[in-house]
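In what follows, a single structure is set out as structure tokens and then discussed.
The values are calculated or read from the model by the stated rules, or taken from the named source; none is laboratory data. Just so you know, these numbers come straight off a predicted model, no measurement behind them. Virtual Cβ from ideal backbone geometry, glycine too; neighbours counted across all protein chains shown. Accessible surface areas use protein heavy atoms only, side chains included; no ligands, DNA or RNA. Shrake-Rupley method; radii C 1.70, N 1.55, O 1.52, S 1.80 Å.
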Amino acid sequence: MTGTDWSDIRERLAALAAERNAADGGRRMVPPPLSPAELAEAEAQLGVELPEEYRSFLLKVNRGGWKPVPELWQVDGRWQWKGREHDNALDLLDQPFPHTDAWNLEDFIEPEPLREDFASQKEFDAALRDWWRRGVEIEDDPALTQGALFLDDRGCGFSTLLVVSGPARGSMWFDDRCVDGGLRPVLDDAGERVGFAHWYRRFLAQRYPVAGKTEDGERWSTSG
């Protein structure tokens, strides 16, 4: 049996859907949870057992893929999400996530070339192109995020990952390589790394606070 209590969340999502429908005449419905057989099929496809908090969410709340809350990957026979399957190297999920601390490209590549270090503009341009190429090769290597699922697309290249294999299994990570931020574990106000349940509840509370209740002010941060 799971130790994660989701008893209030599906009700909350249904209320959010009803509010949005009343406002714009929509017909939103919260997707149903997975059955144990469907989850078993998904895990067989992925080749890995998902962390407990996320497994219990899929079994008790919904299968993802619904706004206005984080648009999680939707499980529906096959693992899918609006054509963004390329973000997840699904055949590498059983390989250990290679990071335990924040990762940034600048730690793995020499400093950017400077014009004054080259005799000619042509030589400098060639060195700069080569430097950019090496950086792209490093950052685009699927092994960089092996063992992790991209669960939440924040837009403009920002994503949130759930580690499913390796020492960091069960923890949530930010991917903001799009602005040279690298890969960083999600932390709470106390500086502790968080799992899926804490991350999901905090996102929901911050983005869609319950009327008449105040927020506690907690905001996500990242290590490094």
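Kindly establish whether R20 is open to solvent by 40 Å² or more (accessible area, probe 1.4 Å), in a helix (DSSP H, G or I) and either touching a residue at least 12 places away in the same chain (Cβ under 8 Å) or under 17 Å from G170 (Cβ atoms) (or both). Yes, satisfied.
Restricting attention to the stretch 190-224, and to residues there that are in a loop (DSSP other than H, G, I, E, B) and modelled with pLDDT of 90 or more, which single residue is nearest to the chain's Cα centre (by Cα)?
Going residue by residue through the stretch 190-224, those that are in a loop (DSSP other than H, G, I, E, B) are 190-192, 194, 208-220, 223-224.
Next, only the ones that are modelled with pLDDT of 90 or more stay: 190-192, 194.
On the way: A190: 21, G191: 19, E192: 17, V194: 12 Å.
The residue in question is V194.
Using the structure shown, decide if R115 is closer than 30 Å to R10 by Cβ, open to solvent by 40 Å² or more (accessible area, probe 1.4 Å) and modelled with pLDDT of 60 or more.
no
Looking for something closer than 16 Å to F196 by Cα, basic (K, R) and touching a residue at least 40 places away in the same chain (Cβ under 8 Å) - is there at least one such residue anywhere in the stretch 47-56?
Yes, there is a match, as at least one residue in the stretch 47-56 is closer than 16 Å to F196 by Cα, basic (K, R) and touching a residue at least 40 places away in the same chain (Cβ under 8 Å).
Please determine whether any residue of the stretch 34-47 is crowded, with 18+ Cβ neighbours inside 10 Å, at pLDDT 85 or above, under 19 Å from A168 (Cβ atoms) and among the aliphatic types (A, V, I, L, M). Checking the stretch 34-47: not a single residue is crowded, with 18+ Cβ neighbours inside 10 Å, at pLDDT 85 or above, under 19 Å from A168 (Cβ atoms) and among the aliphatic types (A, V, I, L, M).
Any residue at all in the stretch 70-90 that is in a helix (DSSP H, G or I), modelled with pLDDT of 85 or more and either closer than 18 Å to L151 by Cβ or among the hydroxyl-bearing types (S, T, Y) (or both)?
no
Note on the stretch 95-153: residues that are of a type in the set (A, V, I, L, M) and in contact (Cβ under 8 Å) with a residue 40 or more places away in the chain amount to 7.
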